[in-house]
Every structure is written in structure tokens, then in C-alpha cells.
1. Using the structure shown, decide if residue 165 is over 22 Å from residue 47 (Cβ atoms) and within 23 Å of the chain's Cα centre (by Cα).
2. Can you tell me how many residues within the stretch 35-74 are modelled with pLDDT of 95 or more and either within 22 Å of residue 126 (Cα to Cα) or within 24 Å of the chain's Cα centre (by Cα) (or both)?
3. Please work out if residue 394 is of a type in the set (A, V, I, L, M, F, W, C) and in contact with an Asp or Glu (Cβ under 7 Å, 6 or more places away or on another chain).
4. Condition first: β-branched (Val, Ile, Thr), in the same structural domain as residue 63 (by TED's automatic domain parsing) and surrounded by fewer than 16 Cβ atoms within 10 Å (Cβ to Cβ). Can you find one or more residues in the stretch 134-150 that meet it?
5. Checking residue 13 against (1) farther than 18 Å from residue 132 by Cα; (2) out of contact with any Asp or Glu (no Cβ under 8 Å at 6 or more places or on another chain); (3) modelled with pLDDT of 95 or more; (4) surrounded by 15 or more Cβ atoms within 10 Å (Cβ to Cβ), only one condition comes out false. Which one?
6. Give 195, 174 a once-over and let me know the one that is surrounded by fewer than 19 Cβ atoms within 10 Å (Cβ to Cβ), in the same structural domain as residue 355 (by TED's automatic domain parsing), touching a Cys at 6+ places or on another chain (Cβ under 6 Å) and modelled with pLDDT of 95 or more.
7. Would you say residue 413 is free of Cβ contacts under 8 Å to residues at least 24 places away in the same chain and either within 30 Å of residue 109 (Cβ to Cβ) or touching a Leu at 6+ places or on another chain (Cβ under 7 Å) (or both)?
Amino acid sequence: MIKFGTDGWRAVIAKDFTFENVAIVSQGIADYLYKQGKSAKKVIIGYDCRFLSAEFAKTVALTLAANKIKAVLSNRAIPTPAVSLHALLGKYDLGVMITASHNGAEFNGLKIKTKDGGAADKSITDAVERLLYKTKPKSISEEEAKSKGLFETKDLTNVYVNFLKKFVDLKSIRKLKLNVLVDIMYGAGDSFIERVLGKCNIKMHYLHNEFNPSFGGFHPEPIEENLQAMMKEMKTGKYDLGIVLDGDADRIATFDSKGNYVNAQVILPLLSIHMIKNRKETGGIGKTVVGSNIIDDVAISLDAACYETPVGFKYISSLFKQKLICIGGEEAGGIGFKGYIPERDGSCAALLLFEMMAHSKKSYDKLLTDLYKTYGRWYYSRTAISVKNLKRGIEHLKLPKELYGKKIERINKLDGIKLITKDNWLMFRQSGTEPIVRVYAESKSKQEADKLLALGKKMIYAL
């Protein structure tokens, strides 16, 4: 069954993610566009480094072209935000990105981007779903599509790089003298950060920056357990900062100079301080329901509103479109910024970290130390459990009245079940992109966070 989840449609290659099904979804997108009423239509299409992504993207393009919709296809693998940016600046009716983001190598997927550069919300994906199988997918040869001006391939990288050059303070950044290690995770991030920087004193070194659709046996997700090679290199080499981008380069994680992993739960509040204090941006901070409590603490100190959404960047994107926030992010590493597209971008986040270092005249390590000194440490843990191991859903969980002696003061059911005490929380949520249940925990003690996570797993297995 073709079903759009938290962020697009994802399925196992050759099982459900087939050329036939990609054509069916593409026909649904074409029918959706025609229902919007406008006659002349055009769609921008990109793809990541996964197995057959380029070929799947061409299937999308030619199906749209067969429906007399102008299809512009990237001539190489690119980050998802590059497609979103083109959808906005090129005044396209939609953008389509072939990617399964952080999923394992056996998956591929399709994301729909709106003409304002954001993620398609549920109203759009539901409308496309309702049109699936209504019309037999139309076909046209590449030669005929080109001759009719309905299909072309194009370099989409220059517009993306040039926009980022203008978005950040390159003059200040280029004064930095840094040694940086970047783990591309075999994804589409490539050397775009370096292209934006141009000639400067920041030396970029790379890990996993070659084509490998198996992703070295790991999921291209920037979480600590997938980054042992990066951690080892950071601890043995002499680097000031480590940057990690996920498979389609819209998410970020980092390492400090000592090789300590730093996730987006810390990067988001850090960049919130930069956006509001240094860049003087107005607006609140957006976080998902699984976001760290430190984000709330930073928002309070900055006198900024903090908006909480269900999991999925499309909800953060909506806050940007409503002009409510100047920065917003999700726990998995996606962060977006006011003045850019209402979408996440790992490379842009990395450049803004450089900009923050330049403006504050502080190293990344010092910025982290100052953050922890001011707001304290919150320790965050999560794990995933296959739904194949479960007899019932999380709605059948037997909920305790306290968490290790601390009374549960509130239960949040915005997206899953979140048990909240005065200074820790435990949460359960069914993933919208994979057949798993996620368990999250946060506390001011790492030991307690780990104990909470163990309790959560025990509760899940008791279902």
C-alpha cells in the first residue's frame, strides 16, 4: 500500500518502492496539480545517493511530462533543501525529492515540496493519496518529452550555493582558522559547505564522501551509534569541530574537539541564541514534542515564545509559514531558519555554527561550555523497538504514577504518550517513517536518563 507518513512515502526497494508504484504516485501528483486549476505547470525534481534514485527520479519526470507538466530534473544527487529552494525561487508548482532520508539502504522514498519551499502538509499528501489508481500512469519517451520542451536536466547546485553565500556572514566566517572534519555518511551533502566558504582558513576533511548506496552497513542517520568511525577520528586527529550530515543532507549532528558527540537537542538552543542575540531575528523557537527541555529554558531566557508541535518537520515548517518563529528544529537533527526556506538544512546549520563562532570569537567547545554553565545539562536518550516484537499498540501501555520516585505531573498525548515529572520525562511514539516504536527519555542525570529508557523498554515489551 502506498501511504505518506511523517515525511513523504517510504518503502522497501523492489518490494513496494518499484518503478510501477513511483509512476502511480507521479500520476497522482499530476492529477492533483490539474485539480488546482492552473494550466501551465512545472515541477522541480531531485534525488539522493541511494540505489536507483536517479532512475526513480527520471520516472517521476517522464510521468509528469507525459501529463504535459514541465519536469526539470537535477543532473546529479543533491541535498533535499536544494530542491525546496528551487521550488521557491524558480516559482515551481511543486518539488519532488527521491530520498528515504535516514532510513536503511533497503528503503527509498518520495517527498513532496510546496511552491513556498516547505514540506507538503497532510492536506496535500492526503489529496494525492485519494487520486492514486484513479488514472493509469501516462508515459512518454525521453526524446519526445525533450522535443516538446516538457523535460530537461539541469545543474541545481549553483543556485543553492549562491543563496547560502548570501544568507550567512561569509566575511566574518572566512576570518576563522579551523580544522574541520565532515562525515557525509555516503549521502548527498558532498562538499557544498566548502563550496560556499570558498577560499578561507577553514580546512575541511571528509569521511564517507564517496558513492556507496549500502551506506557502509549503517543507516545514514547522524546518531551516535552510527558514528563510531567519526568519533574515533575526532579523538585521534586534531580537529576543532566535527560536522555530520545525514543521507539527504537536511539534518546535522556535531562533535566537539575532544570527540564528544553533540546532537541537535544542543545545536538548536545554541543556534537559537545566535539567531536572536547576534543576528537580531524576531520570532519564537519551534520544537517538536520530543525536543529537549533546554530549548524551553533558552526560549524563556531570550523572552521568546516556544512552540511545541507533533514530530515531523512539516509542523515546524507551518510555524515558519505563519511567521511565528525565527528558528525551529526536530530532535533528529533537522533545523530551519527565518529568511531561508521553511525547511531544514544541515549544511546551512553548519555554516551558522561557523558564523556564531566568528561573531562570539569563541571556539565551539567554549560555546558548549557556556551553554551548559548557563542552563545546566540535560541528558537525552532514545531507542527503537520493532513493531514485529509487539502484540499491541502503545495505547495499551500500563502507565505508572511516578518515574523513579518522581510524581508524574502531566501526560502529553500530542504525538504519542509523554510522561512528564518536574525534572525528567519518558515518551513512547510510533514512528511515521519506519515500522518501529521509539522510546525517549530525558533527565538532568545521564544515569537517570538511561534508567528511564530501560524502564520504557520494559513497559513496551510488557504489551
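1. Numbers: over 22 Å from residue 47 (Cβ atoms): yes; within 23 Å of the chain's Cα centre (by Cα): yes.
Yes.
2. Residues of the stretch 35-74 that are modelled with pLDDT of 95 or more, as a first pass: 42-74.
Those left that are additionally either within 22 Å of residue 126 (Cα to Cα) or within 24 Å of the chain's Cα centre (by Cα) (or both): 42-61, 63-64, 67, 69, 72-74.
Total meeting the criteria: 27.
3. Working: of a type in the set (A, V, I, L, M, F, W, C): yes; in contact with an Asp or Glu (Cβ under 7 Å, 6 or more places away or on another chain): no.
Answer is no for this residue.
4. Let us first name the residues in the stretch 134-150 that are β-branched (Val, Ile, Thr), namely 135, 140.
Imposing the further condition that a residue be in the same structural domain as residue 63 (by TED's automatic domain parsing) reduces the set to 135, 140.
Imposing the further condition that a residue be surrounded by fewer than 16 Cβ atoms within 10 Å (Cβ to Cβ) reduces the set to 135.
Scanning the stretch 134-150, I find at least one residue that is β-branched (Val, Ile, Thr), in the same structural domain as residue 63 (by TED's automatic domain parsing) and surrounded by fewer than 16 Cβ atoms within 10 Å (Cβ to Cβ), so the answer is yes.
5. Of the numbered conditions (1) farther than 18 Å from residue 132 by Cα; (2) out of contact with any Asp or Glu (no Cβ under 8 Å at 6 or more places or on another chain); (3) modelled with pLDDT of 95 or more; (4) surrounded by 15 or more Cβ atoms within 10 Å (Cβ to Cβ), the odd one out for residue 13 is (2).
6. 174
7. yes
Conditions (1) among the aliphatic types (A, V, I, L, M); (2) surrounded by 21 or more Cβ atoms within 10 Å (Cβ to Cβ), marked per residue:
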| residue | (1), (2) |
| --- | --- |
| 27 | no, yes |
| 30 | yes, yes |
| 33 | yes, no |
| 39 | no, no |
| 53 | no, yes |
| 59 | no, yes |
| 64 | yes, yes |
| 70 | no, no |
| 79 | no, yes |
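The values are calculated or read from the model by the stated rules, or taken from the named source; none is laboratory data. These numbers come from a predicted model, not from an experiment. Cβ: placed from backbone, ideal geometry, glycine included. Neighbour counts: every protein chain shown.
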